[in-house]
Amino acid sequence: IESQLFQAKDITIVNTVGPEGEKAVALRTTGNYITNLRCSIEGFQNTLYAHQGKSQFFFNCDIYVTIDFIIGNATVIIQNSTIRVRHPLHGQQNVITVDGRDMYNSNTTIVIQNCSIVSTPDLQSQTDVKTYLGRPWKKFSQTIIMQHLDTFVDRECWTKFDESSDVTTLHYFEI
């Protein structure tokens, strides 16, 4: 979606590539005032790419994900939704958010408020898979998680993007 003042309502968006194909975004949003109401967004790696913009709002949605689910450099609020964490490929870990804020004075962030973060049945039986709330993609990544966390989320909650990640400029909050 590349638009100003866009609204999606009661639709399902599916990435049909599957977990073993190349990375493929189910939904990419670029623009301001993008609203998604009661939508289902289903994918694997990089399910929702909030590319650029402000005031991107997802309300009462179902989002199915594995690794690096919600990524981007936009101001995105996901509220009263269910994030359903799937079992990743062998050797992978689950990471819910990957924020791409790359400038200190940018007002972009990922906010997840009053959502349920739950595991799908295929993940519930796999105790060896780590699931993290997020990791930084860019130098000034910022994410806010505002809700109860289920026990399948790793106690450390956050992880690095890679070993060269500078974590001194990040803001990650659990409220």
Item to check | Conditions (1) surrounded by 18 or more Cβ atoms within 10 Å (Cβ to Cβ); (2) touching a Phe, Trp or Tyr at 6+ places or on another chain (Cβ under 8 Å): number failed by I112 | outcome: (2)
Next on the checklist: Test of understanding: among V25, V17, which residue is in contact (Cβ under 8 Å) with a residue 24 or more places away in the chain and within 16 Å of the chain's Cα centre (by Cα)?
Outcome noted: V25
Checklist entry - V95: within 13 Å of the chain's Cα centre (by Cα), buried (at least 20 other Cβ atoms within 10 Å of the Cβ) and under 22 Å from H171 (Cα atoms), yes or no? => result yes
Next on the checklist: Please pick out the residue among R28, R86, R101 that is in contact with a helix residue (DSSP H, G or I) (Cβ under 7 Å, 6 or more places away or on another chain) and among the charged types (D, E, K, R).
Outcome noted: R86
Next on the checklist: Any residue that is among the aromatic types (F, W, Y) and more than 27 Å from E2 (Cβ to Cβ) - is there at least one of those in segment 96-114?
Outcome noted: no
Checklist entry - Out of curiosity, is Q79 of a type outside the set (D, E, K, R), within 18 Å of Q124 (Cβ to Cβ) and surrounded by fewer than 18 Cβ atoms within 10 Å (Cβ to Cβ)? => result no
Next on the checklist: When the residues of segment 92-136 are narrowed to those that are in contact with an Asp or Glu (Cβ under 9 Å, 6 or more places away or on another chain) and hydrophobic (A, V, I, L, M, F, W, C), which ends up farthest from I67 (Cα to Cα)?
Outcome noted: I110
Item to check | Where S141 falls short, out of the listed (1) at pLDDT 80 or above; (2) within 30 Å of Y33 (Cβ to Cβ); (3) in contact with a Leu (Cβ under 7 Å, 6 or more places away or on another chain) | outcome: (1)
Next on the checklist: I need a count of the residues in segment 59-107 that are within 18 Å of A8 (Cα to Cα) and either assigned to a loop (DSSP other than H, G, I, E, B) or in contact with a Leu (Cβ under 9 Å, 6 or more places away or on another chain) (or both).
Outcome noted: 9
Item to check | Any pair with Cβ under 9 angstrom, 6 or more apart, that starts in segment 102-123 at a residue that is aromatic (F, W, Y) and ends at one that is outside any loop (DSSP other than H, G, I, E, B) | outcome: Y104/T169
Next on the checklist: Regarding segment 124-135, can at least one residue be identified that is among the basic types (K, R), crowded, with 18+ Cβ neighbours inside 10 Å and touching a Leu at 6+ places or on another chain (Cβ under 9 Å)?
Outcome noted: no
Checklist entry - Taking the condition among the polar types (S, T, N, Q), part of a loop (DSSP other than H, G, I, E, B), within 16 Å of the chain's Cα centre (by Cα) and closer than 25 Å to K138 by Cα, does Q56 pass? => result no
Next on the checklist: Taking the conditions exactly as written (modelled with pLDDT under 85 and either within 15 Å of V111 (Cβ to Cβ) or buried (at least 23 other Cβ atoms within 10 Å of the Cβ) (or both)), does F44 satisfy them or not?
Outcome noted: yes
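The values are calculated or read from the model by the stated rules, or taken from the named source; none is laboratory data. Here the structure is a predicted model, which is why all the values come from computation and not from measurement. FYI the Cβ positions are ideal-geometry reconstructions off the backbone, even for glycines, and counts take in every protein chain you see.
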